[in-house]
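Note sheet for the following structure.
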Amino acid sequence: MECKSNFANVYGCNDALSSALAIVQDAGLHQALQQLKDLMPDREQSREKIQTWWQTSYPAWMEQLKSVIAKHRNIRHHWHFSPQQQQVLQQYYDANQLLLDCLNSNCEVTGVVRQEIEASLLPIEELSKPEWQGL
């Protein structure tokens, strides 16, 4: 059963990487993901070879994938926020979640109020600016 599961997992990883490669626009990320995909066993290989790859290579391969994602998507940082900063961030999150819940609910909101709420949310474009990248 474990062999069957690992076989399916390799196929799943391969399919997921193929899907990601089809949509990723960052050239560096695309190249790194393609290199990782190239390290995976081919679908034509025997179940035994795929099982061996899963047992011997998968753990290191997964660490490489995590590293690539962290590098190219600027994640997995330990921010060392103080308890007060954590509380402020939680309040900010909760307030924005409430605003989104209001926008997505069945309650009636005028167009003007909706625009004001949407304007108060930090847009994705703003988060993409260089001053946010080093945080």
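The values are calculated or read from the model by the stated rules, or taken from the named source; none is laboratory data. From a predicted model like this one, the values you see are computed outputs, not experimental measurements. FYI the Cβ positions are ideal-geometry reconstructions off the backbone, even for glycines, and counts take in every protein chain you see.
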TODO: Read through the list (1) of a type outside the set (V, I, T); (2) under 23 Å from the mean Cα position of the chain (by Cα); (3) at pLDDT below 90; (4) in a helix (DSSP H, G or I), then give the number of the only condition that L103 fails.
DONE: (2)
- [ ] Considering only the range 1-95, give the helices (runs of 4 or more DSSP H) lying wholly within it that have at least 2 residues that are within 24 Å of the chain's Cα centre (by Cα).
- [x] 2-23, 27-39, 58-73
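To keep it simple, each residue is scored yes or no on (1) surrounded by 12 or more Cβ atoms within 10 Å (Cβ to Cβ); (2) among the polar types (S, T, N, Q); (3) modelled with pLDDT of 90 or more.
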| position | (1), (2), (3) |
| --- | --- |
| C3 | yes, no, no |
| F7 | yes, no, no |
| Y11 | yes, no, no |
| L21 | yes, no, yes |
| L33 | yes, no, yes |
| Q45 | yes, yes, no |
| L65 | yes, no, yes |
| I75 | no, no, no |
| Q87 | no, yes, yes |
